[in-house]
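Have a look at the structure below before the remarks.
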Amino acid sequence: MSSAADVTQLREIFGAKILQTVEFRDENTVIVELGSLHDVLAKCRNDLGYAMVLDISSVDHFGDDPRFEIVYEIASLDDSRHLRVKAKVSEDEPVASATDLWAGADWHEREVWDMMGIAFSGHPNLKRILMWEGYPFFPLRKDFPLAGRPSDMPDVAFSGVAPLEGGPFVTSAGAEDTVRREPRARVIE
């Protein structure tokens, strides 16, 4: 069986809840209604043999409605079949957690929550994983300024320029050739 055959089977089972299917360079994508996302993922996990969740990510389509898109990359245990499942998500609209299907979804969903602000209903421990608790912003949203935003960060971090000059991973730009530019060519005293 192939992922293309799985897409055909999903279309037969879910009908109009599958909004679109895309095949590009032998990769298959299924775009579903948000309300059917968990059911489609459960079907893939329980009946079609997609035993691994490789990644869960999100896309910010700033200015569009719905604004976000959630993307699941799933695969069979022998890694012979891959499938991408997507759903559009409005701002402040929760997504049903997939942690009951794949334990590995836990950290991926926490990262999506932390960086984009997409909440997952039914998640066992939905709290920040990269930013500190209480941080009021979501850094991967397109409306987040590149220079960052001021915050009441405790004195456990700094926001200045990191001191790199003379560090062990800094190249020597003025060296005469590429070998002498390498950090490992420098003699540290």
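Read the figures in this text as sums done on the coordinates, not as results from a lab. Since we're looking at a predicted model, the values are computed, not measured. Cβ coordinates were reconstructed from backbone atoms using ideal geometry, including for glycine residues, and neighbour counts include every protein chain displayed.
Some values worked out for this structure:
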quantity: Burial ordering of His123, His82, fewest other beta-carbon atoms within 10 Å first; calculated: His82, His123
quantity: Inverse mean reciprocal Cα-Cα distance (Kirkwood Rh) of region 51-100, Å; calculated: 12.0
quantity: Cα-based Rg / Dmax (Å) for region 70-125; calculated: 11.9, 37
quantity: Where Rh is the Kirkwood radius over Cα pairs, Rg/Rh for region 3-156; calculated: 1.01
quantity: Cβ-based exposure ranking for Ile13, Ile129, in which fewest neighbours within 10 Å come first; calculated: Ile13, Ile129
quantity: Within straight-line cross-link reach of Lys17, aspartates and glutamates at Cα separation under 13 Å, skipping those fewer than 8 residues along the same chain; calculated: Glu33, Asp39
quantity: Likely footprinting exposure, Arg11, Arg110, fewest C-beta neighbours within 10 Å first; calculated: Arg11, Arg110
quantity: Label-to-label distance, nm, for residues given as Leu130 and His61 (7 Å Cα→Cβ offset); calculated: 2.2
quantity: Sites matching GluC sites (Glu not before Pro) across region 16-75 that sit in DSSP coil, with at most 16 neighbouring C-beta atoms within 10 Å; calculated: Glu33
